[in-house]
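Please read the structure below before turning to the comments.
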Amino acid sequence: MTNFFTKISLFVLALMLYGCAGCSKRNDKDEQSLKAGTQTSRKKKPQELSLSLYIENSGSMLGYDGPQNSAEFKSAVAQFYNSFGRIEGVQTPQINYVNENVQTYQGDFSTLLRDNIFNHTRGSESRSTDFALIFNRIIENTQANTVSVLFSDLIYSDVNNAVSNAENLLSKIENLTATAFNNTTRSLSIIIVQFNGNFNGAYYPYNSPGEGRSYTGNRPFYMVVLAQNHTMQKFLSEEKYTQVASFSQYNNFKDLVYFSSNGLKDSPKYSILDGDPNNRCTFSTGGKSTDIHAIKELTPPRSATEKLRLAIGISLPSTVFSKSEIDTANFEIKAVSDRFKIIRLEQLMPARKSGITHRLILEAQDKARGEREVEIRLRKGLPMWVQKSNSTDDRNFRGNFSTQTFGIARLIEGIQNTYSSQNNYTFILKLNLNENN
């Protein structure tokens, strides 16, 4: 009998231990499920970018829209706004108008476009445009994940301070712009896009900002895109924003200039193009198929009369590089041994999935042996269109008046000066060539 109760006691104890183990396992599972649920709840959808739109509405802008105007200015505003608005998940863009100050527009965008775009944004009959104040306000309001866009003729004017000396005003434009952007160069990216469109109205020369003169014809206007570096990189690189950021596809687009320290321009993607039909040599990539910066077993053509050629792919997207920048005259090649020269620079259509947009063909002028380095350099400087579009005297409406803007070069130089560095090159790309294994 004693043995029987002993066996029963052991059996009950075993059941209790088993049950406790099961409870422990269930508790562990429950805790893991709780943690997983908490982690899942913490995972948020990536935040979409938001748009703050600014439209200059001083007196000098009114000629860009009206019953006798073909409305290229309004078309550019609508094209940007609507392209941005079609992206799933984005907030309704905020609309502001600017002249001597910045004020928020309370209506909807369709009302803004229904007739004259300036009828609904004209908060005053201002003939002054204080860009130092405007840029400061826009910069202050450009937070993370915000893209701020200003549409304007970018002509500084002060109706209360007419000047007879153009150089005094031009110097003021450059200094005020430089001051506005002086503390933003490490964090802010800027794109200035030039368009050209019909103008029919009063134009205010630099020496008479309070008295307009009638002008009918074409005039430049501009879109200034500002965003924090990481936001601009997202805006220019993510596929969902491609249609919005493809400025060269906009109607009446002319050119652009880009300022930033986010690496899109000064550290472009590049690679020796393995298997490219333009190569006149053989080499080993060490198993790499992309981002090839070094090659071995480099063997020149067998023919004594044929020169060694290498095809190099570079990312030079039209969102950050001006058309005039992508020119062989702006490149330098440092290659002491081979004395490479550029024989062709061409756009790849379509661009490679890797982001490569252009192909550069290098040809060696000398035969070299052993290990050597090649540097591809793009000289730094403002695109040619900036000076071509610049006017220092807008009192005469003849000549290049339809394509030039008073003081635009000094305004852009003011921004450039804040981003300047000791480096004379936009980028330097390095390649390592070696004939040995």
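The values are calculated or read from the model by the stated rules, or taken from the named source; none is laboratory data. What you are looking at is a predicted structure, and each value in this text was computed from that prediction instead of being measured. Quick reminder, even Gly has a Cβ in these numbers, built from the backbone with ideal geometry, and neighbours come from all protein chains shown.
From the list Ser152, Ser70, pick out the single residue that is under 25 Å from the mean Cα position of the chain (by Cα), in contact (Cβ under 8 Å) with a residue 60 or more places away in the chain and under 24 Å from Arg219 (Cα atoms).
Numbers: Ser70 fails: under 25 Å from the mean Cα position of the chain (by Cα).
None of the others qualify; the one that does is Ser152.
What strands (runs of 3 or more DSSP E) lie completely within region 220-307 and have 1 or more residues being in the same structural domain as Ser75 (by TED's automatic domain parsing), closer than 30 Å to Phe131 by Cα and in contact (Cβ under 8 Å) with a residue 60 or more places away in the chain?
Working: elements: 253-259, 270-272, 282-284, 294-299.
Hits in region 220-307: 253-259.
Considering (1) surrounded by fewer than 17 Cβ atoms within 10 Å (Cβ to Cβ); (2) among the hydroxyl-bearing types (Ser, Thr, Tyr); (3) modelled with pLDDT of 95 or more; (4) within 14 Å of the chain's Cα centre (by Cα), the lone condition that Thr231 does not fulfil carries the number (1).
Can you tell me which residue is surrounded by the most Cβ atoms within 10 Å (Cβ to Cβ) among those in region 408-435 that are part of a strand (DSSP E or B) and not charged (D, E, K, R)? Reasoning before the result, please.
If we filter region 408-435 for residues that are part of a strand (DSSP E or B), which is where we start, we get 425-433.
From what is left, the residues that are not charged (D, E, K, R) are 425-429, 431-433.
Working: Tyr425: 18, Thr426: 17, Phe427: 17, Ile428: 15, Leu429: 19, Leu431: 21, Asn432: 13, Leu433: 24.
It comes out as Leu433.
Cβ-Cβ contacts under 6 Å between residues 6 or more apart (or on different chains), taken from a first residue in region 363-388 that is within 30 Å of Lys254 (Cα to Cα) to a second residue that is of a type in the set (D, E, K, R) and part of a loop (DSSP other than H, G, I, E, B), are listed as Pro383/Glu325. Of the residues making up region 265-279, at least one is basic (Lys, Arg), closer than 27 Å to Ala311 by Cα and within 10 Å of the chain's Cα centre (by Cα). Checked against the criterion of being surrounded by fewer than 17 Cβ atoms within 10 Å (Cβ to Cβ) and modelled with pLDDT of 75 or more, the candidates Glu88, Glu72, Glu31, Glu56 yield just one match: Glu88.
Just wondering, is there one or more residues in region 193-204 that are assigned to a loop (DSSP other than H, G, I, E, B), modelled with pLDDT under 95 and of a type outside the set (D, E, K, R)? Outline the logic, then answer.
At the first step, the residues of region 193-204 found to be assigned to a loop (DSSP other than H, G, I, E, B) are 204.
With modelled with pLDDT under 95 added as a condition, the list becomes 204.
This time we only want the ones that are of a type outside the set (D, E, K, R), so: 204.
Checking region 193-204: at least one residue is assigned to a loop (DSSP other than H, G, I, E, B), modelled with pLDDT under 95 and of a type outside the set (D, E, K, R).
Residue count for region 414-436 under the criterion of being closer than 30 Å to Arg372 by Cβ and either touching a residue at least 12 places away in the same chain (Cβ under 8 Å) or in contact with a Gly (Cβ under 7 Å, 6 or more places away or on another chain) (or both): the result is 14.
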